[in-house]
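The values are calculated or read from the model by the stated rules, or taken from the named source; none is laboratory data. This is a predicted model, so every value here is computed, not measured. All Cβ positions, even for glycine, are placed from backbone atoms using ideal geometry, and neighbour counts span all protein chains on display. What goes into the accessible areas is simple: the full protein's heavy atoms, side chains included, and nothing from ligands, DNA or RNA. Shrake-Rupley method; radii C 1.70, N 1.55, O 1.52, S 1.80 Å.
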Amino acid sequence: MTVHVENNQEIGCFIIVATVVAQLDIILVEAKNLSLAAKNARVVAIRAGEAALGFKSITNFIDEFSTKTIQTTQEINQHSNLLFKLALEQLRASQFEHHINRAYSLNDKNHVEIKRIKNESTQIFRESLTRFNSEMQALTLQFEEIRQQMRAAEYIAVTSRVEASQAGEYCDSLESVSDYIASAALRIKSAISINLSTLSQLKRIKVSG
């Protein structure tokens with residue numbers, strides 16, 4: 001593989017990481033909206049009294065997993081920002097290695113200083129790649145964790161819809177909350193699927209490189 005191709009791959013990785021960082025906003029916004037929906041539903045359930053007693057307890061679960069999702073998303077944001085920096089670091093390391101290799105090929109290959117810098121640049125690139133792969137793995141696990149939370153959210157949406165149907169005049173208000181939980185969970189899962197697919201693409205690039 002030529003250095004030109006390697007540089008193109010590093011640039012491609014940098015762009016992919018930037019895409020992952022941008023996608024996180026969708027998950028965070030939806031998680032915050034879920035938390036808000038839980039709080040609003042709790043108010044309605046309190047007004048409904050005994051008729052919505054079952055729904056009131058469900059809102060606590062909604063609030064818990066939405067809070068957990070927000071927390072996990074914020075942790076992911078820290079990891080993705082680090083991944084972004086590592087992608088930039090790798091791009092620079094790759095370009096530096098390219099320049100050193102050119103200098104090495106144009107000069108006496110027994111030149112001690114150039115050889116030392118060449119070996120050092122290769123080591124820097126490998127260390128950067130190791131940190132990059134570690135962060136990719138951490139991100140993948142965290143996305144999987146949120147996906148599990150959204151599966152729980154979909155189950156709660158079904159349960160809450162049953163409870164909402166028994167809330168008398170507050171039925172429509174609480175059912176709309178149930179519908180929102182289901183749709184928000186679906187949107188978050190969709191964003192996560194996109195990011196997991198993007199990370200898989202990134203892994204393939206690294207393996208082929």
Those residues of the range 174-192 which are over 29 Å from the mean Cα position of the chain (by Cα) and surrounded by fewer than 19 Cβ atoms within 10 Å (Cβ to Cβ) amount to GLU175
Taking the range 117-154 on its own, how many of its residues are among the basic types (Lys, Arg) and surrounded by 14 or more Cβ atoms within 10 Å (Cβ to Cβ)?
3
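Quick grid of which residues meet (1) at pLDDT 75 or above; (2) among the basic types (Lys, Arg); (3) not in a helix (DSSP H, G or I):
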residue	(1), (2), (3)
SER66	yes, no, no
GLN95	no, no, no
ASP108	no, no, yes
ARG131	yes, yes, no
Looking across the range 47-69 at residues that are out of contact with any Ser or Thr (no Cβ under 9 Å at 6 or more places or on another chain) and of a type in the set (S, T, N, Q), the single one that is farthest from VAL162 (Cα to Cα) is ASN60
Determine the pairs where a residue that is over 18 Å from THR67 (Cα atoms), located within the range 173-194, has a partner that is aromatic (Phe, Trp, Tyr) and open to solvent by less than 40 Å² (accessible area, probe 1.4 Å) with Cβ atoms under 7 Å apart, the partner being 6 or more residues away or on another chain.
LEU174/PHE55
How do the pairs read when you match residues in the range 60-85 that are at negative phi and aliphatic (A, V, I, L, M) with residues anywhere that are assigned to a helix (DSSP H, G or I) and open to solvent by 30 Å² or more (accessible area, probe 1.4 Å), using Cβ under 7 Å and keeping only pairs 6 or more apart or on different chains?
ILE70/LEU28; ILE70/LYS32
